[in-house]
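The numbers here are math on the coordinates, done by the rules we state, and not lab data. Model, not experiment: these values are computed from the prediction. A quick note on method: Cβ atoms are made from the backbone with ideal geometry, for glycine too, and the neighbour counts reach across all protein chains shown.
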Amino acid sequence: MLRVDVEKQLGEFSLSASFSSEGRVIGLFGASGAGKSSLVNMIAGLLRPDRGTIAIDGEIVDDTAAGIHVPTYRRRIGYVFQDARLFPHLSVAQNLDYGRRMNGLAPDPAQHKRIIDLLDIGALRDRRPGKLSGGERQRVALGRALLSKPRLLLLDEPLGALDEGRKLEILPYLVRLRDEANVPMVYVSHDVAELRQLATQIVMLKQGRVTSFGGVKVLT
């Protein structure tokens, strides 16, 4: 479960958002500059709200009144950006293992195999990121995030840098993650078709305010 009730002033821009969801994929929808990435960065702990609370899985990670701000590395969140942000000097296998090692997790061969199979990236393990297509890089980034055993996965326009063909290639993997990985997701996009295919609930943002919240029907 994700509960958000925050306010943040960013220069001239004011963000005020409140919602609570138990959905498998919460879609954050809005035009560029609506406040989607700022809101996701607050959930991740990269931005501190000026006022309000954020709770993940029942744990309060931000409460300005109580002076609580859990740092990013302790929130157990996986974050996938528009650019995959893989380490170019590491192989795919080493990139995949990075999140687990950074979080001090013991090896889990069964989970490792399940994620590799789910994302169909086993054949890529010996390659460097520079030898991968955009879609392959994003699948590896998703694998790295999942192998850190997050309780929440944040995806900030993960298909935004891909051409139409690559988007169509990776969308089925995202649907499989939703249905099989058992990790709730917050999915940021301004693409209605993507969110219709993936999201179970929609938070619609306009100029820093939540204008609609509900099922995918709010996109119509």
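Annotations
- Karplus (6.51, -1.76, 1.60) ³J(HN,Hα), θ = phi - 60°, over the range 197-210, in Hz, Gly and Pro reported as x: 7, 10, 6, 9, 9, 10, 10, 9, 10, 9, 6, x, 10, 7
- Counted by neighbouring Cβ atoms within 10 Å, the residues Lys8, Lys149 run from fewest to most as Lys149, Lys8.
- Amide H to amide H distances under 5 Å link Leu105 with no residue, where only residues 5 or more positions off or on other chains count and H is placed in the peptide plane.
- Annotation: amide H of Gly27 within the under-5 Å range of Tyr187, Thr200, Gln201, Ile202, Val203, sequence separation 5 or more or interchain, hydrogens built in the peptide plane.
- Backbone amide hydrogens, once placed in the peptide plane, bring Lys206 within less than 5 Å of Thr211, excluding anything fewer than 5 places away on its chain.
- Only helical runs count toward this figure. For the chain, summing -39,500 (n - 2.57) over DSSP H runs of n ≥ 4 and dividing by all residues gives -9000 deg cm²/dmol at 222 nm.
- Each part gets one Cα centre, and for the range 170-220 versus the range 52-81 those centres are 21 Å apart.
- Dipole of the chain, positive direction: furthest Cα of Ala199, Leu147, Gly160, with charges on the beta-carbon: Leu147
- Vicinal HN-Hα couplings computed from phi for the range 125-140 (Karplus, 6.51 cos²θ - 1.76 cosθ + 1.60; Hz; Gly/Pro x): 4, 8, 7, 8, x, x, 9, 9, 6, x, x, 5, 4, 5, 5, 5
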